[in-house]
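The values are calculated or read from the model by the stated rules, or taken from the named source; none is laboratory data. Quick caveat: nothing in here was measured; it's all calculated off a predicted structure. In this analysis, Cβ positions are derived from the backbone assuming ideal geometry, glycine residues included, and neighbour counts consider all displayed protein chains. We work out accessible area using only protein heavy atoms, side chains counted, and drop any ligands, DNA or RNA first. Shrake-Rupley method; radii C 1.70, N 1.55, O 1.52, S 1.80 Å.
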Amino acid sequence: MFFGISRGIMSLKFKFGVMQGRLTPIIENRIQIFPKKNWEIEFQRAKDLDLKYIEWTLDYDTFKYNPILKKSGINKIRHLSNKTSVKVKSLTGDCFMQKPFWKTHRNNKLIKDFKKILVSCNKVGIKYIIVPLVDNGSIEDEKTEKSLIQIFKKLKTQIKKKKIQILFESNFSPKKLKKFMLNFDKSIFGINYDLGNSASMGFDVDEEFDSYFKYIKNIH
């Protein structure tokens, strides 16, 4: 996971971090999952590895237990971050992929959960919320795409107020992703670029960067 990207392949400047759950024993054969029993340990382990950031992971199956959504948990996160100098600057919303609110008409509760996440991220100091438009969250037709765009445009003011940026991770082709991003204010919305996903889909990195490099804020 990388932060702080600047243009020019040979002059890229990165800040390195780790996805939550990668520094503790694997749970249920999932390498990307909130480690509810060991999340506190990861701060010290990240420090020992000279990593500066942890990317928080939020799943719906452990949503109500996640400390980032509780006052006491937020205080604990801040304490561990100050103690180890390991910051939490981004959150991967796997919960959005598990229950994509842009794919259902009865989405009031899911959108309410999103707003709750915004508030918590602001309190922790998180800058980026990653919204995965892959797997179950994929945009498969024009109707779904229009629904997502409409919802996020309505949420724009609240997102901006909380000083958060929304980063989409998608399986769109470079041209399609560039066109998709033109619907959004690039000061609030950007791209999380996943190297593995792009390679598995056979995309050309030069074409990708030529199409939408200016939107990329985070790399997996």
* Hits in the stretch 101-141 (condition: without any contact (Cβ under 8 Å) to a residue 12 or more places away in the chain, polar (S, T, N, Q) and part of a helix (DSSP H, G or I)) -> 108
* Structure fact -> residue 192: passes all of (1) closer than 30 Å to residue 81 by Cα; (2) surrounded by fewer than 17 Cβ atoms within 10 Å (Cβ to Cβ) but (2)
* Hits in the stretch 183-204 - residues which are out of contact with any Phe, Trp or Tyr (no Cβ under 6 Å at 6 or more places or on another chain) and either modelled with pLDDT under 90 or within 21 Å of residue 55 (Cβ to Cβ) (or both) -> 188, 189, 192, 193, 194, 195, 196, 197, 198, 199, 200, 201
* From the list 169, 207, which one is open to solvent by 50 Å² or more (accessible area, probe 1.4 Å), in contact with a helix residue (DSSP H, G or I) (Cβ under 8 Å, 6 or more places away or on another chain) and of a type in the set (Asp, Glu)? -> 207
* Tally time: how many residues in the stretch 122-138 are among the acidic types (Asp, Glu) and under 14 Å from the mean Cα position of the chain (by Cα)? -> 0
* To do: Test residue 163 against the stated conditions and say whether it is surrounded by fewer than 17 Cβ atoms within 10 Å (Cβ to Cβ), in a loop (DSSP other than H, G, I, E, B), modelled with pLDDT of 95 or more and in contact with a Lys or Arg (Cβ under 9 Å, 6 or more places away or on another chain).
  => yes
* **Total residues in the stretch 100-111, condition surrounded by fewer than 17 Cβ atoms within 10 Å (Cβ to Cβ) and either over 18 Å from the mean Cα position of the chain (by Cα) or modelled with pLDDT under 95 (or both)** => 5
* Structure fact -> Of the residues in the stretch 60-92, those that are touching a helix residue (DSSP H, G or I) at 6+ places or on another chain (Cβ under 8 Å) and at pLDDT 95 or above number 18
* Asked: Which is touching a Leu at 6+ places or on another chain (Cβ under 9 Å), under 21 Å from residue 107 (Cα atoms) and not charged (D, E, K, R), of 172, 168?
  -> 168
* To do: Output the residues belonging to the stretch 18-50 that are in a loop (DSSP other than H, G, I, E, B), touching an Asp or Glu at 6+ places or on another chain (Cβ under 8 Å) and within 18 Å of residue 85 (Cα to Cα).
  => 20, 23
* Among the residues of the stretch 8-48, write down those that are at pLDDT 90 or above, within 22 Å of residue 94 (Cα to Cα) and among the polar types (S, T, N, Q). => 20, 38
* Residue pairs meeting the criteria (Cβ under 6 Å; at least 6 apart or on separate chains; first part of a loop (DSSP other than H, G, I, E, B), in the stretch 196-220; second open to solvent by less than 40 Å² (accessible area, probe 1.4 Å) and among the hydrophobic types (A, V, I, L, M, F, W, C)) -> 220/1
